[in-house]
Amino acid sequence: PSIPRHANRLINEKSPYLLQHAHNPVDWYPWGQEAFDKAKTENKLIFLSVGYSTCHWCHVMEEESFKSKEIGEIMNEHFVCIKVDREERPDVDKVYMTFVQATSGGGGWPMSVWLTPDLKPFAGGTYFPPEDGVHRVGFRTVLLRIAEQWKENKDALLESSQRILEALRHTSEIRVQGQESPPPAKEVMDTCFQQLSRSYDEDYGGFSKSPKFPTPVNLNFLFTYWALHQTTPEGARALKMALHTLKMMAHGGLHDHIGQGFHRYSTDQHWHVPHFEKMLYDQGQLAAMYSKAFQISGDEFFADIVRDILLYVSRDLSDQAGGFYSAEDADSYPTTTSTEKREGAFCVWTAKELRALLPDPVEGATEGTTLGDVFMHHYGVEEAGNVDPMKDPHQELKGKNVLIARCPPELTAARFGLEPGRLSVLLQECQQRLSSARAQRPRPHLDTKMLAAWNGLMISGFAQAGATLAEQGYVSRAAQAAAFLRTHLFDPDSGRLLRSCYRGKHNSVEQSAVPIQGFLEDYVFVIQALFDLYEASLEQGWLEWALHLQHMQDKLFWDPKGFAYFSTEAGDPSLLLRLKDDQDGAEPTPNSIAVTNLLRAACYSGHMDWVEKAGKILAAFSERLQKIPITLPEMVRATAVFHHTLKQVVICGDPQGEDTKEMLHCVRSVFSPNKVLMVADGDSAGFLYRQLPFLASLERKDGKATAYICSNFTCSLPVTSVQELRGMLSP
């Protein structure tokens, strides 16, 4: 401890991922002018490495290559080496990932790219093993070959990099073609449904064989498709696909049955063996999806999963100042004396461990039954471990069990002669005991970076859950996080969002020396969150801030020539391309959410040019929406909302009155994808009345809370009965 460890420039950064590499022998630079100037002055190539702190293969490449003194010397001699946290700088990540995907047919992290001194890419890939193998060239060989090429064929490399850049500019452009208008909703919806239906796994749910991702965007689309086709066989199938997928995910090892929350994705068809990292953006979106599943089905199973996710986030991903952390790692030390981390070590169990922790005999059960017997049967535990060796290439899970609810509770109960209610109590007792045992294990690394975009997704999760489950505590937690964003990730002087802040010493919240400005995704997910929070809390201040941010988003990112929003602002010379994402992935693409945000913003403000903008985004993506809508299910959903026109559900009444609360409960309990909710409380000086003069003409009938359903600011007759209101809310 008395010998100071070698440190490179990353030691001065705030990102947990960059700090993980601060003691490598590689002379890493953060992305910035100092590195660019060095490359130009010394006429050196740049080696760019992009990853994130909970990325398993990023850890592997660091252990094998970036911690190697010998490889570090080769890197330092021939290249200016730059490390980027993709979660901090999605703009840099997307530019070079576009290149890697175009030239290699695949992509992923760690991403390894070689650039000319003026930042143009000419070679790239993902993970490289350190030495040559039978099927792969090793990292050391690649470094030496590229250094040699730069020495011998510099002009050819420069020429090739320029050609590549021009090709990327051409192929990545998304713009409106001629007089294109938004595509027709019915055809686009039907095609998207058919494409999803064909890829659906009838047995286990989900939309591929393996690996299997949660893909909330697909589920959100299916719920909307059902809502608009409730009386058809296709509508019924859409709902079955979504609910079955959510059930199978919750039963599977993808769901952490002891520590709550969901892991990133499943390596197999059965949702059994996951990659164990837990990402904030998954928890936020899945909380919203399970809330909708409960709203539609009334099945308490889904409500329990919502509570499970929000318990995990409140306990393990929450900063005391109110923000949400980004992620928990997959890898951890199996014991306090271990020297090597293993994937999943925090979450898995041997049969022997479980028997020792759960030895108690179960009263009233078949003779000789212990708690361990009941628990192990229910969660598919096997003496030799329940992980298929094919899904465990590094033998990290040999002899271990990933818990998966193998059979319905009633079958487990019947097997041991128990009442189902009693089984539920016993399983809860087991889970509490295992949770205490797990708390003694070394925890995985926690990425305490706080991102505006992902905090937005999580605020939506809490707000929607609070409204649907009538849980005020969840709405308060969403409001606390929104207040955190306003304090730490918003610059009131410029009116702009910032991308990230960090947990500092003594639990303070810190900002980097030069704060990173917000990207399109930050604006879009925060605006969506503020609309969701207004509908759950009825606090008009959140609406006001959302509309301010929408104006700012238009100013910074709108493409007036080709339509739709760019992912990044103009004016950063280090970004070679201004891109528009064209795929809904683990998170929806920002333009997909922007369409719905614009329609909601128009309903709350009366600015009809926002409806026009929404149509222009759909026009810009029209060709893709018509040919391969399955790549943009969230934008397809938004197309339907655009064509069906949002209903403004206005309730006139005192927000604290019981009759108003009853009506609000009714509105929040019905799933209707094309409604916005507002309360006209008679305060004519309030923000909503100033935005929407027509509200002044709406009044209570017979002194009771009264609802109006309005479309384009033209309203229905007044309704005072909850039953009548429920009937009017169907899409």
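Looking at the range 578-614, which of its residues are farther than 30 Å from L286 by Cβ and open to solvent by 10 Å² or more (accessible area, probe 1.4 Å)?
Answer for the range 578-614, where residues must be farther than 30 Å from L286 by Cβ and open to solvent by 10 Å² or more (accessible area, probe 1.4 Å): R578, G606, H607, M608, D609, V611, E612.
Checking the structure you have, find out if any residue of the range 164-186 is among the polar types (S, T, N, Q), in a helix (DSSP H, G or I) and buried (at least 20 other Cβ atoms within 10 Å of the Cβ). No: the range 164-186 contains no residue that is among the polar types (S, T, N, Q), in a helix (DSSP H, G or I) and buried (at least 20 other Cβ atoms within 10 Å of the Cβ).
Among the residues of the range 449-470, the one identified as open to solvent by less than 10 Å² (accessible area, probe 1.4 Å) and either of a type in the set (S, T, Y) or on the phi > 0 side of the Ramachandran plot (or both) is S460. Scanning the range 130-164 for residues that are among the charged types (D, E, K, R) and out of contact with any Pro (no Cβ under 7 Å at 6 or more places or on another chain) yields E131, D132, R145, E148, K151, E152, K154, D155, E159, R163. Yes or no: the range 379-388 includes at least one residue that is part of a helix (DSSP H, G or I) and modelled with pLDDT of 95 or more. No, because not a single residue in the range 379-388 is part of a helix (DSSP H, G or I) and modelled with pLDDT of 95 or more.
Among the residues of the range 32-79, count how many are assigned to a helix (DSSP H, G or I) and either of a type in the set (D, E, K, R) or open to solvent by less than 10 Å² (accessible area, probe 1.4 Å) (or both).
Step one: of the range 32-79, the residues assigned to a helix (DSSP H, G or I) are 33-41, 56-66, 69-78.
Within this subset, residues satisfying the condition of being either of a type in the set (D, E, K, R) or open to solvent by less than 10 Å² (accessible area, probe 1.4 Å) (or both) are 34-35, 37-40, 58, 61-66, 69-73, 75, 77.
Of the residues in the range 32-79, 20 are assigned to a helix (DSSP H, G or I) and either of a type in the set (D, E, K, R) or open to solvent by less than 10 Å² (accessible area, probe 1.4 Å) (or both).
Open to solvent by 20 Å² or more (accessible area, probe 1.4 Å), more than 24 Å from F66 (Cα to Cα) and part of a helix (DSSP H, G or I), is that true of S160? Spelling it out, S160 is indeed open to solvent by 20 Å² or more (accessible area, probe 1.4 Å), more than 24 Å from F66 (Cα to Cα) and part of a helix (DSSP H, G or I).
Residues that are surrounded by 24 or more Cβ atoms within 10 Å (Cβ to Cβ) and farther than 24 Å from L427 by Cα within the range 242-265 comprise just one, A242. Restricting to the range 394-428, count the residues that are of a type outside the set (K, R), in contact (Cβ under 8 Å) with a residue 12 or more places away in the chain and surrounded by fewer than 14 Cβ atoms within 10 Å (Cβ to Cβ). Total satisfying the criteria: 3. Return the pair list, or none, for Cβ contacts closer than 8 Å from residues in the range 470-484 that are within 18 Å of R668 (Cα to Cα) and modelled with pLDDT of 95 or more to residues that are in a helix (DSSP H, G or I) and β-branched (V, I, T), at least 6 apart or on different chains. Once the first residue is within 18 Å of R668 (Cα to Cα) and modelled with pLDDT of 95 or more and sits in the range 470-484, its partners that are in a helix (DSSP H, G or I) and β-branched (V, I, T) give A478/I459. Against the list (1) touching a residue at least 40 places away in the same chain (Cβ under 8 Å); (2) within 32 Å of the chain's Cα centre (by Cα), the condition A365 fails is (2).
For (1) over 26 Å from the mean Cα position of the chain (by Cα); (2) closer than 25 Å to E166 by Cβ, each residue gets a yes or a no:
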site	(1), (2)
E42	yes, no
I46	yes, yes
T54	no, no
S65	yes, no
H78	yes, no
D91	no, yes
M97	no, yes
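Would you pick out the residues in the range 257-289 that are free of Cβ contacts under 8 Å to residues at least 60 places away in the same chain and aromatic (F, W, Y)? Of everything in the range 257-289, those that are free of Cβ contacts under 8 Å to residues at least 60 places away in the same chain and aromatic (F, W, Y) turn out to be F262, Y265. The residues in the range 165-211 that are within 25 Å of the chain's Cα centre (by Cα) and of a type in the set (G, A, S) can be counted, and the count is 7.
The values are calculated or read from the model by the stated rules, or taken from the named source; none is laboratory data. If you're wondering where the values come from, they're calculated on a predicted model, not measured in any experiment. Ideal geometry is used to build each Cβ from the backbone, glycine not excepted, and the neighbour counts take in all protein chains shown. Each accessible area value is taken on the protein alone, full model and side chains, heavy atoms only, with ligands, DNA and RNA left out. Shrake-Rupley method; radii C 1.70, N 1.55, O 1.52, S 1.80 Å.
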